[in-house]
Amino acid sequence: MDIEEQARFCAQPHAADAVTLRRWDDAAKDPHCAVPPLDSWRPLLASLLRVSAQP
């Protein structure tokens with residue numbers, strides 16, 4: 001990106017979140033990264049489901 005493209009991108013409402021997501025995505029491509037088993041995410045996922053189900 002040139003300077004003008006960077007400025008336009010940074011002016012977007014969720015630019016910082018997009019950069020964070022991109023960094024997480026890039027880090028997730030490390031084949032040597034230790035990944036917790038799927039069941040370890042169950043409590044977090046259940047809590048998010050409860051929160052999203054509330055009116």
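Quick note: the coordinates plus some simple rules give every number you see, no bench work behind them. Values in this document were obtained by computation on a predicted structure and should not be read as measured data. No Cβ is skipped: glycine too gets one built from the backbone with ideal geometry, and neighbour counts run over all protein chains shown.
In degrees from 0 to 90, rounded to the nearest 10, what is the angle of the helix 15-27 Cα long axis to the longest principal axis of the chain?
Tilt of helix 15-27: around 60 degrees.
Using a Förster radius of 22 Å, what is the FRET efficiency between W41 and A18 based on their Cβ-Cβ separation? Nearest 0.05, please.
0.45
Treating each Cα of the chain as an identical point scatterer and ignoring solvent, apply the Debye formula and state log10 I(q)/I(0) at q = 0.16, 0.29 Å⁻¹.
After summing over all Cα pairs, the log10 values are -0.79, -1.05.
How large is the helix-only mean residue ellipticity at 222 nm for the chain, computed as the sum of -39500 (n - 2.57) over DSSP H runs with n ≥ 4, divided by its residue count, in deg cm²/dmol to the nearest 500?
When only DSSP H runs of four or more count, the value is -18000 deg cm²/dmol.
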